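**Q** My questions all concern the structure below.
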Amino acid sequence: MYKIMTVEDDLKLCKEIQEALLKWGFNPVKVKNFEDILNEFVQNKPELVIMDINLPCFDGFYWCQKIREISKVPIIFLSSRNTNMDIIMAVQMGGDDFVTKPFSIDILVTKLHAMLRRTYSYGENLGDVLECRGVILNINDSTLSYNENKIELTKNELKILLLLMKNIGKIISRDRIMRILWDDDTFINDNTLTVNVNRLRKRLEDIGIKDFIETKKGQGYVIL
């Protein structure tokens, strides 16, 4: 069941879209906090986004661009603004299709089916994004984003963050991390892990992320 996120400020229209999506067997979710749509996207992990242009705070172009920084998930714009410039902007910001209001729900659903079929027909998983305290980890391209900063992670950095962010609040032992990094920790100097973690912490601090990975003496590491 595909999860579809609707970013629509018109409550009546949003309700109509949600009801139609349910009828067609989709799993619809709607944005509640228009001040932080990116965070809602990360939390919900939708397979497709329906995005209006006219929104509170920032417009749909802005949020489409922010989503594109961390995900390739298809985005369909839905708007009464139908000038050539609006359509061009939608495409340039990363939109995949443009539906003009007023519209037929059946046509919208048909476009959704076609877009999902084209996007996921090869088994591609585009929703591998984790978030904690504003830190966004994109597993697909091995990048980490925070505010306006973005860095590419090494293989070991990605493995460490992935393990810790998938287990928020849980202490992960050094032995477990070493087994994941090097398969067999028998011939790995314990100090090697310390060096890797310290290097990762330094990279996080360089883009403003402080005290993200905590050390629990004699136990391991944790992200709270």
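The values are calculated or read from the model by the stated rules, or taken from the named source; none is laboratory data. Everything quoted here is computed from the prediction, not taken from an experiment. For neighbour counting, all protein chains shown are included, and Cβ atoms are generated from backbone atoms with ideal geometry for every residue, glycine included.
**Q** When you go through ARG117, ARG68 one by one, which is the residue that is out of contact with any His (no Cβ under 9 Å at 6 or more places or on another chain) and within 20 Å of ASN33 (Cβ to Cβ)? Outline the logic, then answer.
**A** Values: ARG117 fails: within 20 Å of ASN33 (Cβ to Cβ).
It is ARG68.
**Q** Inspect all residues belonging to segment 111-118 and state whether any of them is touching an Asp or Glu at 6+ places or on another chain (Cβ under 7 Å), outside any loop (DSSP other than H, G, I, E, B), small (Gly, Ala, Ser) and free of Cβ contacts under 8 Å to residues at least 60 places away in the same chain. Break it down stepwise before answering.
**A** Taking segment 111-118 as the starting set, the residues that turn out to be touching an Asp or Glu at 6+ places or on another chain (Cβ under 7 Å) are 111, 115-116.
Okay, now just the ones that are also outside any loop (DSSP other than H, G, I, E, B), so 111, 115-116.
Next cut, small (Gly, Ala, Ser) only: none.
No, the conditions are met nowhere in segment 111-118.
**Q** Further question on the same structure: Going through segment 133-150 one residue at a time, which ones are in contact (Cβ under 8 Å) with a residue 12 or more places away in the chain and either surrounded by fewer than 16 Cβ atoms within 10 Å (Cβ to Cβ) or small (Gly, Ala, Ser) (or both)? Reasoning before the result, please.
**A** Pass one, segment 133-150, residues in contact (Cβ under 8 Å) with a residue 12 or more places away in the chain: 133-140, 142-147, 149-150.
The answer is ARG133, GLY134, ASN140, SER142, SER145, ASN147, ASN149, LYS150.
**Q** Has segment 152-174 got any residue that is more than 23 Å from VAL129 (Cα to Cα) and either surrounded by 16 or more Cβ atoms within 10 Å (Cβ to Cβ) or at pLDDT below 90 (or both)?
**A** Taking segment 152-174 as the starting set, the residues that turn out to be more than 23 Å from VAL129 (Cα to Cα) are 173-174.
Add one more test, that the residue is either surrounded by 16 or more Cβ atoms within 10 Å (Cβ to Cβ) or at pLDDT below 90 (or both), and what stays is 174.
Scanning segment 152-174, I find at least one residue that is more than 23 Å from VAL129 (Cα to Cα) and either surrounded by 16 or more Cβ atoms within 10 Å (Cβ to Cβ) or at pLDDT below 90 (or both), so the answer is yes.
**Q** Continuing with this model, one more query. From the list ILE17, ILE50, which residue is under 16 Å from the mean Cα position of the chain (by Cα) and closer than 23 Å to ASP106 by Cα?
**A** Details: ILE17 fails: under 16 Å from the mean Cα position of the chain (by Cα).
Sole residue among the options that is under 16 Å from the mean Cα position of the chain (by Cα) and closer than 23 Å to ASP106 by Cα: ILE50.
**Q** Just need a number here: residues in segment 1-16 that are part of a loop (DSSP other than H, G, I, E, B) and of a type in the set (A, V, I, L, M, F, W, C).
**A** Looking only at segment 1-16, we keep the residues that are part of a loop (DSSP other than H, G, I, E, B), and these are 1-2, 8-10.
Narrowing further to those that are of a type in the set (A, V, I, L, M, F, W, C): 1.
The qualifying residues number 1.
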